[in-house]
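These notes concern the structure reproduced below.
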Amino acid sequence: MSKEWLIQIKGFIRRGDARIAAEVCVSTPESVAGETEYRCRVRLPPFLRREVEIAGMDSQQAEKLATAFAKSIIGDELLEDEAGQRIQL
């Protein structure tokens, strides 16, 4: 796992008979220059086309909100590894 990413999971989702490559990445919280808040970048292909930033009042809140956001976007999709085993966030 990259130091840049707090969470980095590569797997697959099932849609019918198809297995589609999927990735879940949440960055390490970063302070925002001139601000009191922290932000985490969230990357979720194929769920989102672009990376988004989730802000929190401190690093822990930013991390929790970013992880909750990722879970909400994935929703009921089953994320699995190469062997077909379910991956929990």
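Each reported figure results from applying straightforward, stated rules to the coordinates on display, with no laboratory input. All figures in this text were calculated on a predicted structure; none of them were measured in a lab. Cβ sites come from the backbone with ideal geometry, for glycine too, and all protein chains shown count toward neighbours.
Before moving on, here are some points about what is shown:
- The angle separating the long axis of helix 59-74 from the principal Cα axis of greatest extent in the chain is about 30 degrees.
- Spin-label model, Arg14 to Glu53: label points 7 Å out along the Cα-to-beta-carbon direction sit 3.9 nm apart.
- Stokes-Einstein diffusion for region 1-73, with the hydrodynamic radius set to the Kirkwood value over Cα pairs and evaluated at 20 °C in a medium of 1.002 mPa s, equals 168 µm²/s.
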